[in-house]
1. Which residue pairs have Cβ atoms under 9 Å apart, sit 6 or more places apart or on different chains, and have a first residue in region 175-202 that is free of Cβ contacts under 8 Å to residues at least 60 places away in the same chain and a second that is among the acidic types (Asp, Glu) and crowded, with 24+ Cβ neighbours inside 10 Å?
2. Considering each residue of region 398-449, count those that are open to solvent by 30 Å² or more (accessible area, probe 1.4 Å) and among the hydroxyl-bearing types (Ser, Thr, Tyr), and give that number.
3. In region 247-265, what residues are surrounded by 22 or more Cβ atoms within 10 Å (Cβ to Cβ) and either on the phi > 0 side of the Ramachandran plot or touching an Asp or Glu at 6+ places or on another chain (Cβ under 8 Å) (or both)?
4. Considering each of Gly167, Gly140 in turn, give the residue that is more than 18 Å from the chain's Cα centre (by Cα), farther than 18 Å from Ala200 by Cβ, surrounded by fewer than 24 Cβ atoms within 10 Å (Cβ to Cβ) and of a type in the set (Gly, Ala, Ser).
5. For the subset of region 524-547 comprising residues that are among the hydrophobic types (A, V, I, L, M, F, W, C) and open to solvent by 10 Å² or more (accessible area, probe 1.4 Å), which member is farthest from the chain's Cα centre (by Cα)?
6. Could you tell me whether region 122-136 includes any residue that is modelled with pLDDT of 95 or more, buried (at least 24 other Cβ atoms within 10 Å of the Cβ) and under 17 Å from the mean Cα position of the chain (by Cα)?
7. Please determine whether any residue of region 304-313 is open to solvent by less than 30 Å² (accessible area, probe 1.4 Å), under 21 Å from the mean Cα position of the chain (by Cα) and either under 29 Å from Leu366 (Cα atoms) or at pLDDT below 95 (or both).
8. Scan region 450-471 residue by residue and report those that are surrounded by 14 or more Cβ atoms within 10 Å (Cβ to Cβ) and more than 25 Å from Lys521 (Cα to Cα).
Amino acid sequence: MHTPRRLAVGLAACVTLAACAGGGGPGAAMPTPTPTPPSSPPPSATGTDVLTYKYDLSRSGLNPTESALTPASVAPATFGLLRVLSVDGKVDAQPLYVTNVAVAGAPHNVVIVATEHDSVYAFDSGTGASLWKVSLLGSGEVSSDTRGCGQITPEIGITSTPVIDRGAGAHGTAFVVAMSKDASSAYHQRLHALDLATGAELLHGPVEISATFPTAGGGTTTFSPGQHAERAALLLTNGTIVTSWTSHCDITPYSGWIIAFSENSLARTAVLNVAPNGEYGPAIWMSGGGPAADSAGNIFLLTANGAFETVLDANGFPQHKDFGNSFLRLALVGGALTVADYFTMSNEVAESGADRDLGSGGALLLPDMKDAAGAVRHLVIGAGKDGNLYVVDRDSMGKFSAAGNAIWQQLNRVLPGEVFSTPAYFNGTVYYGDAHSTLKAFSITNAKLSSAPQSQSPSQFTFPGTAPSVSANGTANGIVWAHENGNPAVLHAYDAANLATEIYNSNQAAGGRDQFGPGNKFITPTVADGKVFVGTTNGVAVFGLLH
């Protein structure tokens, strides 16, 4: 049997096939299959899977197995818009891509698309044919209203990027969080497990997401599904699905929930609240970015503005365990989620008071690299609204000191615009796209980033900036892909070795041939097997070679 190349790692299978074969329950998906045209070409024998946000658990944004798309082949004469996969709502989640899925007895390369109308679709990537569609709404339910906030409009359904395990169930499983409202105006957040071949609900799902957590005063705080949104992408590591929660705007009360589930049963396995003692956060949203995980199962994320106690306990942690504007390393041990280490900037209180979120951006784990003395460094980088780029040692993160930041590297004001994205990494270079500014490339030498960008894009990106991804064939033919949120939206492609060289954008072809409608926030292009998939306000634009 062919084993496709996979870009997401650490995904455990169900214990037995029977354990993955359930269905029903509130909001159970009802698949609507669509026959595939007989002219559908066979899927590639050497395909690449994209099973999680930004390709892998480090959130690198890199597909290193792309051979068809090169700086020579990506040009207006040879590359452009192939089609738009039409769906029933906004596509805020990054499209995922799975090779050689047997649907109705025939193999397909499948694009998985989730919408804010609470629907999930599977499309054939070669023809655009719809393979199945399911609604994750329960009987009598509708997608959520905006909750009085303009961040997710005009409805809230599936916002976060799902995660897929090819080894779970009979055909592979997609895990999805969906928000809805019932006939009594009660709000629901549910975790679903969907069969990749049919869209059928597995594991007797879905399950309602609920949780409680102790407060410092001996009380309890309770997760409110209506007050929170799952903006950050799902993480699947070592058989555990990790969800993390933000607010609707800053409408109180809200706090920083992280809720974990077993992928084998959908049972809740662990709960952590990183802001249990207040009503003003911090929340966890990262502009659609997802928590990252290393090979040891440590989980890393950034929190937004909110409570932080500058009085520390004997271990150097905030005395009431409220972690505003922080890098966090979480450990999942013995069924418990805990903060194992952290870094918080010395001016956290002032930055939180000014709404200067660190967690407006997402975290990226850099590959192991040696410093000037030859020591191996394990680093995580992040940036938010203050214009600073923070590089933190994952093994000793620096905690908090009012006297200054004890971290591996800090580059002040190198990002003049606010950051609402997760960067990308390729071949010793980090790519950042801050708002109302250029896409920037920072080179790395001796485990330190260059003090200024080594190259920049010729054009600027309006709000919210851009969340780049990279395609390459090993270390060759690197292309940086970036979505511009305009009207029309623009897909840009740059030479990864020099961002000043733009090799393509979707406005170049005559007659608006490659334009794909108005832009959308927090969009990361997905590149796989010679195609680029870009979420839109009503579908997914598919780009590729014009032959």
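The values are calculated or read from the model by the stated rules, or taken from the named source; none is laboratory data. Since this is a predicted model, take the numbers as computed values, not measurements. In this analysis, Cβ positions are derived from the backbone assuming ideal geometry, glycine residues included, and neighbour counts consider all displayed protein chains. Please note that ligands, DNA and RNA were not included when accessible areas were found on the heavy atoms of the full protein model with its side chains. Shrake-Rupley method; radii C 1.70, N 1.55, O 1.52, S 1.80 Å.
1. Gln189/Glu230
2. 4
3. Those that are surrounded by 22 or more Cβ atoms within 10 Å (Cβ to Cβ) and either on the phi > 0 side of the Ramachandran plot or touching an Asp or Glu at 6+ places or on another chain (Cβ under 8 Å) (or both): Tyr254, Ser255, Glu263.
4. When all the criteria are applied, what remains is Gly140.
5. Going residue by residue through region 524-547, those that are among the hydrophobic types (A, V, I, L, M, F, W, C) are 527-528, 532-534, 540-543, 545-546.
Those left that are additionally open to solvent by 10 Å² or more (accessible area, probe 1.4 Å): 545-546.
Numbers: Leu545: 27, Leu546: 29 Å.
The residue in question is Leu546.
6. no
7. Yes, region 304-313 contains a residue that is open to solvent by less than 30 Å² (accessible area, probe 1.4 Å), under 21 Å from the mean Cα position of the chain (by Cα) and either under 29 Å from Leu366 (Cα atoms) or at pLDDT below 95 (or both).
8. Across region 450-471, the qualifying residues are Ser450, Gln454.
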